[in-house]
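Every read-out reported here was derived from the displayed coordinates using simple, explicitly stated rules and does not represent laboratory data. If you're wondering where the values come from, they're calculated on a predicted model, not measured in any experiment. With ideal geometry, Cβ positions are generated from the backbone for all residues, glycine too; neighbour counts draw on all protein chains shown.
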């Protein structure tokens, strides 16, 4: 029983890390586009979007580092989790803006929790898309190999849904974790140390 739970938790961590890496690649592509736009036009709107995207990339990379630490059993992990519990009471929940107010903003600032949740949601949508394609092909031409792949993807969907619903820390604790590790990565960068997920996201 314990072995099965451990294996399930490990699969969730791997799916979470995959979701973060995929989302980081997408954000990096958006960032490259807006950087090019700012370089050519110098518009304030492009500059604002670049700032927001850079902040999102930093926080999402920090969460990816946290997932790697959970997977690998990093020795500093309990300290970060303790700090997250202690300082979470100081986090002010992000104020909900009306749709009219959101339209006046150049780009919406997401909370750390929403940022991570959207990465997981995008992962779920991607798997669901692949699953739909395979199911349609299976109806037209049944195949044992494809049937096994369908079952595998169905399990992945269940695991991603469970990850979104019950696999994330409380929102304020997640915010503290992302900020702590973002600051730590900034310090590592100043010291010339390699950054986590550096091959996925731009420094």
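Fewest to most neighbouring Cβ within 10 Å: what's the order for 193, 67, 162?
Numbers: 193 9, 67 22, 162 13.
Taking fewest neighbouring Cβ atoms as first place, the list is 193, 162, 67.
Provide Rg over Rh for the stretch 2-190; use the alpha carbon set for both Rg and the Kirkwood Rh (inverse mean inverse pair distance). Write out the running numbers ahead of the final one.
Values: Rg = 19.2 Å, Rh = 18.7 Å.
Ratio of gyration radius to Kirkwood radius for the stretch 2-190: 1.03.
Output the peptides 129-135, 144-150, 117-123, 44-50 sorted from most to least packed, where packing is the average of other Cβ atoms within 10 Å over each peptide's residues.
Ranked from most to least packed, the peptides come out as 117-123, 44-50, 129-135, 144-150.
What length, rounded to one decimal in nm, is gained on full extension from residue 32 through to residue 188, with 0.36 nm per residue of separation minus their alpha-carbon distance? Please report the intermediate quantities before stating the final value.
On the way: separation 156, 0.36 × 156 = 56.16 nm, distance 2.34 nm.
Length difference between fully extended and current span is 53.8 nm.
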